[in-house]
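**Q** Right, I'll just put the structure down here and ask away after.
Just so you know, all these numbers are worked out from the coordinates, no wet-lab data involved. Predicted model only: the values in this text are computed from it and were never measured. Every residue, glycine among them, receives a Cβ derived from its backbone with ideal geometry; neighbour counts consider all protein chains shown.
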Amino acid sequence: MARIIEPTDEQVEGYRAWVASRPAHVRAVAERFEPWSLYRIKPSGHRVTVLSFGEQKDGSVTLTVNVRAEFNFVMFERQVFGVKPDDLEPCDLPAQNELTGTLMSPEQVDENIDILRVMARPDLWVLDEATGKAVRKQ
């Protein structure tokens, strides 16, 4: 498993204290995922870092992760929520000769967000022909 930074003793202790203060079901997940380590989302193959833990109404815990161009070749960087802990596995940093980076700047994403929504999730979004805006399917 790759670390994206080497944490200080203070950071390690602070994270341990935070984990210990969480409810048992969150603590069980948080103990598996360090914020300074790199993980792979099994279904997509993206390398990610953990941003936060979310408690669901059914008592399960999901994660929000960062998909960063530093570790992937992606159209744009983003945060993904609702990731199941079992869909993540520890991974290594990209190989030195592996292509990484992004195709779009944050400004370009903002300018094209409606088209990107439809492209990424055609099951959820459709482009309204009159306005050119993405609208949720009924």
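**Q** Using only alpha carbon pairs under 8 Å that are at least six residues apart, calculate the relative contact order of the chain and give it in whole percent.
**A** Computed value for the chain: 18 percent relative contact order.
**Q** Another question, then. Mean-square fluctuation check for the chain, GNM, Cα pairs under 10 Å: which of Lys84, Lys57, Lys42 is largest?
**A** The residue that fluctuates most here is Lys57.
**Q** Right, something else. Just to check I understand the Karplus step: with θ = phi - 60° and J = 6.51 cos²θ - 1.76 cosθ + 1.60, what whole-Hz values come out for segment 17-27, glycine and proline as x?
**A** Computed from phi, the couplings for segment 17-27 are 5, 4, 4, 4, 8, 7, x, 3, 5, 6, 4 Hz.
**Q** What's the extension gain from Gln56 to Thr8 if we count 0.36 nm per residue and subtract their Cα-Cα distance? Could you put the intermediate results ahead of the total?
**A** On the way: separation 48, 0.36 × 48 = 17.28 nm, distance 3.14 nm.
Using 0.36 nm per residue and subtracting the Cα-Cα distance, I get 14.1 nm.
**Q** Identify, among Pro122, Tyr39, Asn97, the residue whose Cα sits farthest towards the positive end of the charge dipole of the chain, taking +1 on the Cβ of Lys and Arg and -1 on the Cβ of Asp and Glu, with the dipole about the Cα centre.
**A** Pro122
**Q** If the cut-off is a Cα-Cα distance under 18 Å, which lysines reach Lys42, setting aside same-chain residues fewer than 8 apart in sequence?
**A** Lys84
**Q** As a test of the formula, what do you get for the chain when each DSSP H run with n ≥ 4 contributes -39,500 (n - 2.57) and the sum is divided by the residue count, at 222 nm and rounded to the nearest 500 deg cm²/dmol?
**A** Using -39500 (n - 2.57) per qualifying helix, the result is -6500 deg cm²/dmol.
**Q** With N set to the number of residues, divide the alpha-carbon radius of gyration of the chain by 2.2 N^0.38 Å and report two decimals.
**A** Rounded to two decimals, the normalised Rg is 1.23.
**Q** With charges set only on the Cβ (+1 for Lys and Arg, -1 for Asp and Glu), what does the dipole of the chain come to about its Cα centre, in debye to the nearest 20?
**A** For this selection, approximately 460 debye.
**Q** Here is a follow-up. Provide the gained length on full extension for the span Leu124 to Met104, in nm with one decimal, where the gain is 0.36 nm per separating residue minus the Cα-Cα distance.
**A** The Leu124-Met104 span can extend by a further 5.0 nm.
**Q** log10 I(q)/I(0), Debye, Cα-only segment 90-138, no solvent, q = 0.15, 0.16, 0.25 Å⁻¹?
**A** -0.57, -0.61, -0.89
**Q** Report the FRET efficiency, 1/(1 + (r/R0)^6), for Asn97 and Glu31, where r is their Cβ-Cβ distance and R0 is 30 Å, rounded to 0.05.
**A** Using R0 = 30 Å, I get an efficiency of 0.30.
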